[in-house]
Amino acid sequence: MLETLTGQAGIQELVVVDHPNARYGSYEPGDEIQVLGDMGWVRSGMWVRIQEITADVDSGDIRLQVVMV
């Protein structure tokens, strides 16, 4: 919570949903992407670099391992 309030909150993993703005296969390791969303009661926007992509064939989930830029 304190990290969010001080602006130092981080994300290590994202689960991507197939969407016209983020089609599967339209991103790869090394790409920098902007992540927007709500973190509790705080609206957040940050840039991250994709480190690794993992696909789960059973669930269809695409997981991105990311680091802050």
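Values in this text are rule-based calculations from the coordinates and carry no lab data. From a predicted model like this one, the values you see are computed outputs, not experimental measurements. Reconstructed Cβ throughout: ideal geometry from the backbone, glycine too, with neighbour counts over all protein chains shown.
Points worth noting:
- Neighbour net charge for residue 65 - beta-carbon separation under 12 angstrom, K R +1, D E -1: 0
- Estimated inter-spin distance, residue 49 and residue 28, nm [label 7 Å along Cα→Cβ]: 1.6
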